[in-house]
Each structure stands twice: as structure tokens, then as C-alpha cells.
Ligand SMILES: Nc1ncnc2c1ncn2[C@@H]1O[C@H](COP(=O)(O)OP(=O)(O)OP(=O)(O)O)[C@@H](O)[C@H]1O
Ligand SMILES: Nc1ncnc2c1ncn2[C@@H]1O[C@H](COP(=O)(O)OP(=O)(O)OP(=O)(O)O)[C@@H](O)[C@H]1O
Ligand SMILES: [Mg+2]
Ligand SMILES: [Mg+2]
């Protein structure tokens, strides 16, 4: 128990928390945007994965991590729009489309990785670089807080800034009004001459941007290469966070943080004598419990 | 004629529209709308009115035909285009985002901006309250749609069109959900609009409304425009005969009721909805075999909830229901069906049928357990035999019992619903708006069936917004207002439509004693 | 006359869906071909190898069948749940834990082999039911999203399974992570020497028939379809909808569990899975191809297995990574699932058909 | 940064044009089935290097096939390989034992080489199979010694495993005992990522351990372990590589910074084992139908003693490691193995050194 406390109540635990949460926050914001527009974007997992690989390729062959980030975002948007095209313009069921897309992403990234580096496992053979970590001038000096908040990868800061951006976008701009209408009552939106399709495409594109950044963080921030299926279900967790957070940016971020706490704990807890498999299960268990509690609460609210 | 032409603002010529499922909704449609008129469009259900309007509003694209606006040929390929050309449409069903405010709904799509990016809330409120004022609509634009009445929603819809500069306004059955008073109010507003130079296309199934407010009327039948006439040169009888292509039997003969046993008794039913509104406030009554009791009332006064509770679709908060003097224990649709209660729901598409399943599957959905071999397997040959019989009996127009329901017209879907409900072993029929939006032929069939079953000893509770239907069918009548039964009429013969209207609006209320006569 | 026309439209619609499928497959291959052309100089021979691969040896062909068995189980499992409109992806977890359960029975149960096998498969099914039942019960009780919940649950299944495996089944003397070997004779036998084709193929055939019968010919199946098509309608016609929804997920889980068991007892002699096998998602893919009809699922499973084995062969022969199949599959699926794909053309045909009919009438 | 494609893996199907020809080897063909993926900078990459040597040094015709981690595909892939006109069919992971054992009797004219596990030679006629295993516990013992020497007396060292399973724990047991042999009060924190493919997890595990005051980490977790290396570089801590000389691998791709943090690697010479077997066979010296266990003495396992190693340890420390190495070779030190060890025994060992 003492070890446990020692693990949790340290500044490095909270520092890890932010790092672990970064891809989840980004992806869950992506999920929030699309679910507000009335689309369940399970494809965010595949988007992250493909962006992660595209970022590495671009970084290695086109000129460094910044170009990589840009390309990751671009590819994220393209993938998103592709999902949109199939599910909206070609009218395939969106859940099925996304599942097919994710399956494709896992295999497709391996295919292209093999085509380029003749490896099906990792792109370690490429020198693809890393996005910088940034010390924050004044905060850095503050004793505990400085250790927690400063010196994160730039994308970690971007992710928390994005919470704010998405909030403003959804609730304070005309586009947000349209996106929310597209989710709540698509017919109402069409009836005033706003193209539902266009609105949803825009929402998808924004979620592609967020998914792209999340992917870039995985392969150019968290680590510095791409490895097969490296997102490891983080996109699904983002969906869970969106559901738990009632599709609001703040709620989804909180839920992502909750998951991150559980995950960071699972790393820390292994130092103690808990069986590792059960500890590894913790974050998923926490998400399930969180989801169920949320549903119970929502049900109770409705009943009232 | 040349003089007329100069005033034609909108003209449709030779429109043909085929839906993807093969339904030919418009075969040969020609329509001319003159500037500044209120032009009525009437026709049986499925005649193609809404389809035509959707084409004029750019929501559907015709296979053939031309559309002229002010003499100029135009292609209307999206609502946006139509809006830009000054055409506005209020749809048959509300197209409002419930969780947004009236103002947000009004400006949606042409939101005022601040700093080029942010939504300018102040400007938004200003725009929407100004337009409301200009056209004399007294509404509070800051209220959320989910909290306002149907009338206000309808007004919001009109304002949505007006704020976009609509000169031509299409109103698809705007009065279907309004109270007589709200309708009156709406007509006032429409006249005002006309005065301000707007042109209005008005769709309604109510002849009296057309006679009252419209200048000209175009009659549609089976996807074809039959004729356009000046309203003052025609009569309701002429319109209806042109509409259906035969003389309508306006009255169904029925024998006096033979009151039988007490079938159903409701005691002090209360129900509070999700928004916390008390939709049923201690409602009590008795239902006897061999009688049709109708429930009149303005939509939203608790009739739907009553029907849903009596069929088990919703659970009451308080009170109890006795069927044949036995208290109900379980309040599920299953339990009510087992007690012999059948229910024709208001919404035949989303509650009353599974549209992608076959007619046969729909008919036997509630009788699965009665058509079995070895208690487990479906007895398909017996199903097929009975399905055929009922399809014939209820005159469902189809080519096979395996045809999917979504290939049928609304009227035929309703016949399928009736064929399912009215063939089981039942004692009590709860019929909610059984003929709403249904063509005259089907309506007549369903009404006759109801009377037939009444005569065979069933107790019928008819919930209807169609006063004609109430007068035609009911043996007894109650009015619901604000969640309560506020009037009870032993005999509908001595009642006038006007009087009923007063009770429906709660202007008049009977005393408790009078209402309680229903207990006898 | 109107009836005639409807029948005609119906017929045309049927032809059309076949044409659409063929065109979808063609386009998918064409695009994949273009993609391949970037990574190999001989895309033609690569593609050729993909097609002939499964027929080059008996063993390869049998591998197609072996692969199709678990795929079919997964497809059926997902099908039963999709029919009730439950997007429950816990088949994945059910498959994994089902396999583990059957392995444990096969290792420890001192019964005659046949009884052990039956017990192993049955318990595997029960465990599968439990796994899929969890999102199910949360759905009916609290209206949680079964999709999201099942995605998370699969990971839990993996880790719990690994924990149980480590506690009770792990063979400490094995140089890799494997269980004790199954008891003598506790396996699904071998049909053709020098292949791994096992009697599970008959079991899966039984399940296909059973599932089809269940869905289309029994009272539960009919209720399940009704509830799946329109939940409100199901409730309204007096069906115990929560029961039916639960049933669909328990049954779906059962099939997944048995599938896991059959795969384990058919293909392996010890349990050695350390990751989720991925069949849950494959099951979804198959249902798109098979239009959610259990009768078509084995065909779809065969096609997918054929592609995958063909791709392995292509990779060996042509140095094009076999993962290209993921792209081919996704393209086919997406085009098959895309309702609007070729719809303009379809519309034209229908218009012509109905217009022709009008001509005939007058 | 400019891209550098590692030449290691890029030419496995090219004809052996400019390679040195060996009389006996020319025209011979070998195929390696990787039941996982290349790019781990470890086990499989090492096997791949062995194939490269066969080609370059002996002029053999070689091919490498990756199957990925789908177990159902392993046996067909091996059978496919045996169906090819090849002389040697090679599998290199413990879990390939069953497929080899099953298929070898069906192809009596082909030679099967299984590295890192042993078939049951009694089970069938397996006279065409050769097996080589590694005494990874011995190698890990040295890694443990190196780790134990890197921290002060009674200090803490770390271990990151892919999964809590016997072959991984075999590393751990050797590691613990090795550390204890040079540092009696040493503490060992051991954790498992539970996933060989999530490098982020490998990274987080290492960070947690470093935060716990661990001085050096030994990561045996496949590609996930590469995340741990990343963490060491970022936090400027020491790490011990696994299977291949991982610091050289980084150095080769121009990443000196990372390479410098990998103080040594516990090498399993998979590639060399392959090369050695075939080379011996060509000379007619290899005994088929038998297994060999390659320990430190046989150069099957060992520490990577490269420049970074030399710079990271003092002469005194290096001497100590050499001394221990000799004792293991001489059999003076017996290293325990986790293979066949009960969970209780293992827990006893693990808990005894828990901080
Ligand atoms: N989206 C659609 N797809 C297929 N068929 C349709 C569609 N909408 C309408 N129809 C069919 O087209 C025909 C005309 O429908 P429409 O809605 O235009 O009738 P309507 O005259 O407006 O009837 P109502 O008085 O009930 O509003 C009907 O037979 C209907 O079944
Ligand atoms: N998306 C669709 N696809 C196919 N058919 C449709 C579609 N939407 C509506 N329909 C057809 O349009 C008809 C009318 O639908 P609508 O929603 O207008 O109901 P309604 O106006 O109440 O019915 P009615 O036409 O009898 O008045 C239905 O019979 C249905 O078959
Ligand atoms: Mg209409
Ligand atoms: Mg209608």
C-alpha cells in the first residue's frame, strides 16, 4: 500500500497522466464533434492509425516532424471525408463503414509499411524524428506544478487547447449551431437550405484534424516510430469517453482523464504485488463502470 | 389570358416524379400560381401534393418537367436555391430543433456573425423579434421550442421562411395540428401576409378552410392535376367529387348502440411526462361493450397519453385500470393484449408497423404464438392462408403478402395495421386517429369496421381530432382539456361543432357532476 | 396492373443487387490492383497468384475451409445480434473466452473424449453467452450503448482470460506461453490427412442451418426480427422486447463461444492465444457481405478466407504484402453496404420499367 | 531528418549476385518463417541477419516470410515453406514447436531447423529436425550482473516483460540472480506490459520504474520494449537491450543519442545459430534428430560488449562481469530457469527482491 501511495502522489504520476491523456483527449474531442453532428465515428481508431503512419513517412521523406504533423492532419481529414463519402453520399451504414475502415487501417498500414521499409512490424528503420517538448517559462519554476505542467510534448498542450477550441466552436459559432442541429434534427437543418451533408462533412473533417493530431502524437511524440496497430484501441476508448461525457467537450475530456488516471495507475500498480493481468484490465474496467454509472444516472434523470 | 400570364409567378409544367421504390408520385402535373393569391392544393392522400411541393422547394428532383419562376425557367436542385429565389416552405411535419430556442431556429442557416467567426447573439435576437413584430406574431423568441405550443411552432416555421425573404410561401397542411382558434389566428396572419404582397400555396384536407381563405384551388388526383378553379366559382361537393373521382358517401348509417357489460374502467389515472407536465390529471371513465366512446380534444391535451396508457405503451403514475372488473397487475402492452385490448396507434410508420418487413410479418407480429407448429415453429401455410383472407377483407392493395410494407401507400399501411388489430380475439378497441391522413375510401372502410365490431359487442374508445369522425361514429363523447375530462355528452346528436370547440379549448367546462355521469 | 408493376420492380431490384455486387467486387480489385502497382513491378502476376493460390495444393484449399470455420461462427454470432439491431461486438471476447474454456475442459475433464468435447463446447458457449450478455443486460436495463461497452469489454475479456490461463492452464514447463496439452483424443479430429481440416466443419454447418431455422422459422426468430426492425413496434405488438434483446445477445454469445471452442479443439492441441483473435470484427464484415442472412454467411466466409489465403500465397510468390486483402475486403464491403452505390443507374432502370408499364396501361 | 532505410531487411529476395560463393552451398535454398513481424530490432531481426549471412557468406538462396501474430496462420505458412523447392525450412520461435513437429515427418526429404525450442524427438520420426535453444537465463544472468553493478549496493533495478509467462520469466529469474551475485541487497521491480505491440505502454512502464528510482531497466517485451528504450533516452537513464545488440542497431540508423543509453544488450544469437547450423551441416558436421542448447560457452547468448558498453562500465566492473561469465561457463554458477518453475516458486524469487 505504501508503494502505491508512493507511486500515485508524485508529480511524475500527474505528469504521466497528461501524456497518457493526450491522444485520448484529442480523439475524444473528434468523437464529440461527430456525435454532435449525428454520426458515431468509430473510425477514429483507424484514422489515428493511418495518420500515425503517414506522419512518420512524411517526416522521414519530406522534411521532419512538422511536415509529418501537417501530413498526419491532412491524411486524417482525407480519411474522415472518405468515411463520410461512403456513409453519407453512398449511404452505407456508418457503424459498418467505420468497422470496415478500421479493419482496413490495420492491414493497410502494414501493407504500406512493408512496401516502404520491407518490415511488417515497425518503421524503426526510418529516421522520422519527434515533435518537441516545451518548457513553459514561468510555470516551470513553480515547485510541484512546474514538474507536472511544464516540459510536455507540444501536442499535449495542443490537446488541452483544443478542448477550449471545440467548446467555442460548438457553442459560440454559427457552425456549431449547425453541427448541433445536424445531430438533433437533420431535417430542420435541410429545411433552411443548409446542406446537411456539407455540415456533416465539415464535422467529420474537424474530427479528422483531431484524429490526425492524435495519430501524430502516437508516432512522433509518444514514441518516434510507427508500429503495427500502435493505437491499440485508444480510438475506441475515445468513443467511450464521448459517450460518458454526454458528447460535450468538457465531459469527454473529463472522461478521458478518468481513463488516463486508470491507465497511469495500472502502470504504477504493477510495482506492487497485484497480478499484472488484472491491473492491465483496470483502465477498461474503469471505463465500463463509468459508462454504466453514466447510463444509470441518465436513466434516473429521464425518469424524473 | 395574356393578362393573367403576366401575373403568374410560379409555373410547373409536365412534372413527373418517380420515387426510388417505383412509386409514381407525380405523373403529369401542371400548376400556375398567380402573384398575391392564396392558392389551395387539395387531393386525396398520396395524390402527390407533398411531392410536388418538395419539388418546388428543391428537395426532390423531378424526372421530367419544367418549372418557371416569373416566366424564367429555373432548375431547383436544392432547398438553398429555392430559398434564394424567394420560395419558402412550411412542411407537413415540423422541422425545428427542439433543444434550440425559437430565435436560434429562425436564424439557423443565415446566422449573424461577430468578428467573422462567432455567433452574434444580440443580432440574432434582434432579427428574429423584428420579423415576428413585422408580421404581427406575438411570440417570445428566446423560448426553447420544446417548451412552446404547436401553434407557436407553426408560427416559428413561417417566420423561418419569411426571414429568408420568401415571397412565395408553401404551407403543407399547416392546420392539421392546430386548434380551431389557432387556425383562426393563423388565417389572420396569412391574410396579413397576402396584403404585404406574399403569395401562398396552401395544402389542406379541410374543405371549409379552403373555402374560407383561398382564392383559387387546384385539385390533384393520382399524381395528376385535375383542374384549377376560382374558389368562389365552386362548391365543397364539386371539389370532393373531382378529388376522388366519385361521389363521396358523407354519412355512414349505423344502428343505435346496444349497451352491454362493463368492459373497462379507468380510475383516477395520472401521468406526468418527461418534461414534468401533468398530461393526465385524475382521469376516470367507464367503457361498455357495444358502444363507441369518442375522445375529442385539441392535440396535446392528454388524449395520446390516455391511449398509450390504456394499451400499455406507457405506464401510469397513479390510478388503476380494471378490465372486466379485474384490476390490471401488469401494465405492459402484452398484458393488455392478453386481456383482449387492441390498439390502433396514431403513428402507423414508427409504432404501427415494421416497414421493412413483409405485410404478412406485420399482420402476424402480435399473433406469433397462435400460429405455431410443435409450439416453436411458425405455421407458415396457415399464416399465408389467413393473411390472404385478411388482405382481401381489408382491401390492401398489394401483389403478395410477402411484399414489404414500405412499398405501400399510407392508406394501405393503415389497412395492414387494422387487419392486424381487428382480427384478433378482442373485446376492447383503442383507436387513436385511425383515419388521420388516410384517403376517403380507406377511412370509410375503417370506420365501417369499427361500427361492425361495436355491433358485434366490442367496446370502442375512439380518439380523434377529426370532428366529422367524432360526430359520425360516437355513441358517447368526452372532451379532454388540460389533462382532464372537461365535458361528457351522452348523445352526440344534439351537439354542434362550435360548442365542442369551446370545450376543446377549455373556454367552457362542465361541472364535476355532469362529467361524472360517465360513471353510470 | 399496379400489382404487375410492383412484381416487376421487385424482380428488377433483385437483378440489380446482383449486378451491384459484381461491380463492387470488380472495382475493389481494380483499385487494389492500382495500389499494388506501386509496390511491385508485376501486379498482374501478383493478382493471378492471389486467385490461383488456394487451388495450388490440397492443403492450401483445406486451409481456406479451416479459416472459413471460425469466420462462419463469428458471422452467425454477429448475425443473431444484428438481427435484433444490437451492435454488440463482444463476440470477440466471447470467442476468446470460449476457446479458453474449452481448452480447460479438454485439459482437465476426465471423461471419455466425446463427452469431454461436448461438455467443452457447451461450456464454451455458456461462457460466450455470459460475455455478450453483459453489454446486453446493461443495454436493456440502463440503455447503455452496447457498441461502446462491448468494445471495452473485449479487452477485459482478454486480460481476465489471460489471468485465468496463467492461474489454471499454463504449462510451466513449456518454453512458450502455452497451456498443458489437451487430453488424448479430445479434439475435433482430422478429416483429410496432411491438412488440418476437422469435424468442426460439420458442426458449423449444423449451426448455419440451426441459426437460419431459428431466425426465419421459429417464434423467437420472428420476434427477434420484429424487435430488430422496429423496437417500438415490437413492444406495441406485445413482445417482451427486453427478453428478446437479451436472448439475441445470449444466443449470439453462445455461438461465438462454441466457435471459439471448436477452433481450439479443431486446430490446436494446447491453448496459446495471447491476443484477441479479431473474429468479432470479421463477423461484422461477413454480415455486410451476406446481407445479414445466415444462409449466405458461410459463402461470404469462404470468399473472405479464400482471399486471405490467396493473399498469403501472393505474398510468398510476389512479395506484395498479404495485408493488401484488408484493403480489398474493405472496398468490397463498403461498396456492397453503400446503398447509394449505382443508385442513379438503378433509378433510371426503375423509371424505365414503370414508364413502360404506364404505356401498357393506356 | 533524411530517411535512411536499413539495408538489413531490404534485399531478402534479390538474387545473390555479388555474394561469395561457397561450393557446397551454391544452389541450396533456405526459407525462414517469422511467426511475428520484422522490425523488432531484436529476436526476429537477428534471425533475419542470419539469413543475410547465409546469402552473403555462403551464396545461398534465401527467403524470409512474415506471418504476423495470427496463430492460425503459422502452420500453413510453415507447410507452404516446406512445399517450396527448398533444402532448409527454418522456424525461430518457441511457439513454432508444434507445427514443426507435425510437419517434419511429412517432408522427410527437407531439413527443418527450429531455433529456441525443442521438439519431442520421441513423438515421431523427426530425424530431419535440428533444434537449438538458448540458455537465456544465463545471458540474463550477465545482464543482471551488469545491472547490479550499475547501481549502488542495495539499489534498485528494473525489468519489463511482455507478459507474465515462463519464457519471459526465464529472463527475469536469470536477471535477478545475476544482479544478486554482484549486489546482494539489490531490489528488482518487475512489470509486464501485457501487450507486445503497444510501444506507448512500454514507454510508460519504463518511466514509472525510473520514477521509482530504478537505475537501469532490462526490457524483454518485443516492440513494446522499444518504447522503454525511448523512455530511457528521454529521461537520460540506462537501459539494457534484448535479443540483438540494440545499441548498434540504433547507431546503424544514425541515432547515436538513443544508442548511448543502451549500455549493453543481452544477445540471443538467433541469426548466428541459424548460420552455424547450416554451415555445420554443409560441412557434414551437424547432428540431425537432436537438439543443442547454446549457452554462453557456445556463444548462443551473451552480452553486447561494444563501445558503449566499454564506456559505460569501469574496468573493474567489466572484469567482474568477465569473471562471472567464466564461472557460468565453467559451471561454477548454476542459473535457475523459470521454465517448469511453479508460480509459487517464481513469486518467492520475485517478492524476495521487491523494494
Ligand atoms: N420518399 C418517398 N419514397 C417513396 N415513395 C414516396 C415517398 N414519399 C411519398 N411517396 C409516395 O408518393 C405518393 C405521393 O405522396 P405525397 O406525399 O406526395 O402525397 P400527398 O398528396 O402529399 O399525400 P398527403 O395528403 O397524405 O400528404 C404516395 O403514394 C407515397 O406513397
Ligand atoms: N424513404 C421512403 N422510402 C420509401 N417509401 C417512403 C419513404 N418515405 C415515405 N414513403 C412512402 O410514403 C408514403 C407516405 O409517407 P408519409 O411520410 O408522407 O406519410 P403520410 O403522409 O402520413 O401518408 P399518406 O401518404 O397516406 O398521407 C408511405 O406510404 C411510404 O410508403
Ligand atoms: Mg402530404
Ligand atoms: Mg400525409
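For segment B:171-201, taking the residues that are within 16 Å of ligand 3 (Cβ to nearest atom), at pLDDT below 95 and in contact with a strand residue (DSSP E or B) (Cβ under 7 Å, 6 or more places away or on another chain), the one that is farthest from residue B:110 (Cα to Cα) is identified as B:173.
Screening residue C:172 against (1) free of Cβ contacts under 8 Å to residues at least 12 places away in the same chain; (2) away from chain D (no Cβ under 12 Å) leaves a single unmet condition, (2). The condition of being in contact (Cβ under 8 Å) with a residue 40 or more places away in the chain, crowded, with 20+ Cβ neighbours inside 10 Å and within 15 Å of the chain's Cα centre (by Cα) holds for only one of D:267, D:278, D:308, that being D:267. Scanning segment B:84-93 for residues that are modelled with pLDDT of 90 or more and in contact with a helix residue (DSSP H, G or I) (Cβ under 8 Å, 6 or more places away or on another chain) gives B:87, B:88, B:89, B:90. The single condition among (1) surrounded by fewer than 24 Cβ atoms within 10 Å (Cβ to Cβ); (2) within 21 Å of residue A:130 (Cβ to Cβ) that residue A:55 does not meet is (1). Within segment B:301-346, the only residue that satisfies the criterion of being part of a loop (DSSP other than H, G, I, E, B), crowded, with 23+ Cβ neighbours inside 10 Å and without any contact (Cβ under 8 Å) to a residue 40 or more places away in the chain is B:312. Taken over segment C:160-169, the criterion of being buried (at least 24 other Cβ atoms within 10 Å of the Cβ) and at the interface with chain A (Cβ under 8 Å from one of its Cβ atoms) is satisfied by C:162 alone.
Yes/no matrix, rows are residues, columns are (1) within 14 Å of another protein chain (Cβ to nearest Cβ); (2) more than 16 Å from ligand 4 (Cβ to nearest atom):
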| site | (1), (2) |
| --- | --- |
| B:10 | no, yes |
| B:13 | no, yes |
| B:42 | no, no |
| B:53 | yes, no |
| B:93 | yes, no |
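The conditions are (1) within 16 Å of ligand 1 (Cβ to nearest atom); (2) without any contact (Cβ under 8 Å) to a residue 24 or more places away in the chain; (3) more than 14 Å from chain C (Cβ to nearest Cβ), and residue B:415 fails exactly one of them. Which is it? Among (1) within 16 Å of ligand 1 (Cβ to nearest atom); (2) without any contact (Cβ under 8 Å) to a residue 24 or more places away in the chain; (3) more than 14 Å from chain C (Cβ to nearest Cβ), the lone unmet condition for residue B:415 is (2). At least 1 residues being more than 13 Å from ligand 1 (Cβ to nearest atom), at negative phi and surrounded by fewer than 22 Cβ atoms within 10 Å (Cβ to Cβ) is the threshold, and among the strands (runs of 3 or more DSSP E) wholly inside segment B:22-106 those reaching it are B:24-34, B:64-69, B:72-74. Here segment B:22-40 is the region considered, the condition is being modelled with pLDDT under 90 and within 16 Å of ligand 4 (Cβ to nearest atom), and the residue that is nearest to residue B:195 (Cα to Cα) is B:25. Among residues of segment A:105-122 being touching a strand residue (DSSP E or B) at 6+ places or on another chain (Cβ under 9 Å) and part of a helix (DSSP H, G or I), the one that is farthest from the other protein chains (Cβ to nearest Cβ) is A:113. Tally time: how many residues in segment D:174-199 are part of a helix (DSSP H, G or I) and within 12 Å of another protein chain (Cβ to nearest Cβ)? Selection size over segment D:174-199: 1. Restricting segment A:181-201 to residues that are touching a residue at least 40 places away in the same chain (Cβ under 8 Å) and within 14 Å of chain B (Cβ to nearest Cβ), the residue that is surrounded by the most Cβ atoms within 10 Å (Cβ to Cβ) is A:182. Of all the numbered requirements in (1) in contact (Cβ under 8 Å) with a residue 40 or more places away in the chain; (2) within 13 Å of another protein chain (Cβ to nearest Cβ); (3) within 16 Å of ligand 2 (Cβ to nearest atom), residue B:426 misses one, and that requirement is (3). Pairs meeting the criteria (first residue in segment B:68-83 and within 14 Å of chain A (Cβ to nearest Cβ), second residue in a helix (DSSP H, G or I), beta carbons under 6 Å, at least 6 apart or on different chains) are B:76/B:82. Of the residues making up segment A:266-281, those that are crowded, with 21+ Cβ neighbours inside 10 Å and either touching a residue at least 40 places away in the same chain (Cβ under 8 Å) or under 21 Å from residue A:14 (Cα atoms) (or both) are A:266, A:267, A:268, A:269, A:270, A:271, A:279, A:280, A:281. Elements of the type helices (runs of 4 or more DSSP H) sitting completely within segment D:54-156 and holding at least 2 residues that are at pLDDT 90 or above and closer than 30 Å to residue D:237 by Cα: these cover D:136-150.
Here the condition is being assigned by TED's automatic domain parsing to the domain that holds residue B:198, within 16 Å of ligand 2 (Cβ to nearest atom) and over 30 Å from residue B:14 (Cβ atoms); of B:137, B:118, B:94, B:57, it holds for B:94 alone.
Would a scan of segment A:128-146 turn up a residue that is at negative phi and within 14 Å of chain C (Cβ to nearest Cβ)? No, segment A:128-146 contains no residue that is at negative phi and within 14 Å of chain C (Cβ to nearest Cβ).
Taken over segment D:113-128, residues that are farther than 19 Å from residue C:176 by Cα and in contact with a strand residue (DSSP E or B) (Cβ under 6 Å, 6 or more places away or on another chain) amount to 1. Apart from one condition, residue A:91 fits all of (1) more than 7 Å from every other protein chain (Cβ to nearest Cβ); (2) under 30 Å from residue A:200 (Cα atoms); (3) surrounded by fewer than 24 Cβ atoms within 10 Å (Cβ to Cβ); the exception is (1).
Just give me the residues in segment B:9-21 being within 14 Å of ligand 1 (Cβ to nearest atom) and in contact (Cβ under 8 Å) with a residue 40 or more places away in the chain, in sequence order. Quick ask: steps written out before the conclusion?
Within segment B:9-21, the first condition is being within 14 Å of ligand 1 (Cβ to nearest atom), and the residues that meet it are B:12, B:15-21.
Matches in segment B:9-21: B:12, B:15, B:16, B:17, B:18, B:21.
Beta carbons closer than 6 Å, at least 6 apart along the sequence or on distinct chains, pair a first residue in segment B:436-451 that is away from ligand 4 (no atom under 16 Å from the Cβ) with a second that is in a loop (DSSP other than H, G, I, E, B) for B:447/B:252; B:449/B:422; B:451/B:254.
Residue-wise test of (1) within 16 Å of ligand 2 (Cβ to nearest atom); (2) not assigned by TED's automatic domain parsing to the domain that holds residue B:303.
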| site | (1), (2) |
| --- | --- |
| B:396 | yes, yes |
| B:400 | no, yes |
| B:416 | yes, yes |
| B:441 | yes, no |
| B:445 | yes, no |
| B:454 | no, no |
| B:459 | no, no |
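Only one of the listed residues (C:104, C:137) is in a helix (DSSP H, G or I) and more than 14 Å from every other protein chain (Cβ to nearest Cβ). That residue is C:104.
Quickly run through segment A:6-40 and pick out the residues that are farther than 30 Å from residue A:89 by Cα and within 14 Å of the chain's Cα centre (by Cα).
Keep residues of segment A:6-40 that are farther than 30 Å from residue A:89 by Cα, which gives A:6-22.
Hits for segment A:6-40 are A:18, A:19, A:20, A:21, A:22.
Does residue B:5 satisfy being within 16 Å of ligand 4 (Cβ to nearest atom) and modelled with pLDDT under 95? Taking the combined requirement at face value, the residue does not satisfy it. Taken as a whole, the structure leaves residue D:341 outside the set of residues that are closer than 23 Å to residue D:115 by Cα and touching a helix residue (DSSP H, G or I) at 6+ places or on another chain (Cβ under 6 Å).
The values are calculated or read from the model by the stated rules, or taken from the named source; none is laboratory data. Here the structure is a predicted model, which means the values were calculated and not measured. All Cβ positions, even for glycine, are placed from backbone atoms using ideal geometry, and neighbour counts span all protein chains on display.
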